[in-house]
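Beneath this line is the structure, given in C-alpha cells, with notes to follow.
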Amino acid sequence: RDDAEKAASVLLSMKGQVPFLRGLEVGVDFLGSPRSCDVILSVLLDDEQALADYQSDPYHCGTVKKYMHEVTISSVSADYIV
C-alpha cells in the first residue's frame, strides 16, 4: 500500500505542473480484490490536441511517466470523449 500511495503522490504532483490538465483525480484501491488495480488516474483534457500535448509534456514524461514505468508491472488506459 505504501508503494501505491507514493505512486498516487507522484501522479498528483502534475497539478500545477502540466498546463493542459483541466481536472485530475487519483485514487488508491482499498479493497484489494483480484479484479482491483492499485492506483487509478483520471485526467480531464479539452480535446484530442490537449491529449497529444499531455502525452509529450516535459513534466509528465520526464518525471511522472518515468517514475510510473519504473514501479509498475502493467497499466491500462481508456481515452474517451465526454
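Quick rundown of the values:
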{"read-out": "Residues that are touching a residue at least 40 places away in the same chain (Cβ under 8 Å) and either in contact with a helix residue (DSSP H, G or I) (Cβ under 7 Å, 6 or more places away or on another chain) or loosely packed, with under 10 Cβ neighbours inside 10 Å (or both), drawn from region 69-82", "value": "Val71"}
{"read-out": "Region 52-68 residues that are on the phi > 0 side of the Ramachandran plot and in contact (Cβ under 8 Å) with a residue 40 or more places away in the chain, paired with ones that are open to solvent by 50 Å² or more (accessible area, probe 1.4 Å) and hydrophobic (A, V, I, L, M, F, W, C) (beta carbon under 7 Å, 6 or more apart)", "value": "none"}
{"read-out": "Residues located in region 5-58, provided they are outside any loop (DSSP other than H, G, I, E, B), under 21 Å from Thr72 (Cα atoms) and open to solvent by less than 60 Å² (accessible area, probe 1.4 Å)", "value": "Ala7, Ala8, Val10, Leu11, Leu24, Val26, Gly27, Val28, Val39, Ser42, Val43, Tyr54"}
{"read-out": "Qualifying position, being closer than 25 Å to Val82 by Cα, in contact with a helix residue (DSSP H, G or I) (Cβ under 7 Å, 6 or more places away or on another chain) and in contact (Cβ under 8 Å) with a residue 12 or more places away in the chain, among Leu12, Leu41", "value": "Leu41"}
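Per-residue answers, yes or no, for (1) of a type outside the set (Gly, Ala, Ser); (2) farther than 18 Å from Glu5 by Cα; (3) at pLDDT 95 or above; (4) over 11 Å from the mean Cα position of the chain (by Cα):
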| position | (1), (2), (3), (4) |
| --- | --- |
| Phe20 | yes, yes, no, yes |
| Val26 | yes, no, yes, no |
| Cys37 | yes, no, no, yes |
| Ser74 | no, no, no, yes |
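The values are calculated or read from the model by the stated rules, or taken from the named source; none is laboratory data. Not measured: the values here are computed from a predicted model. With ideal geometry, Cβ positions are generated from the backbone for all residues, glycine too; neighbour counts draw on all protein chains shown. Accessible surface is based on the protein model in full, side chains and every heavy atom, while ligands, DNA and RNA are left aside. Shrake-Rupley method; radii C 1.70, N 1.55, O 1.52, S 1.80 Å.
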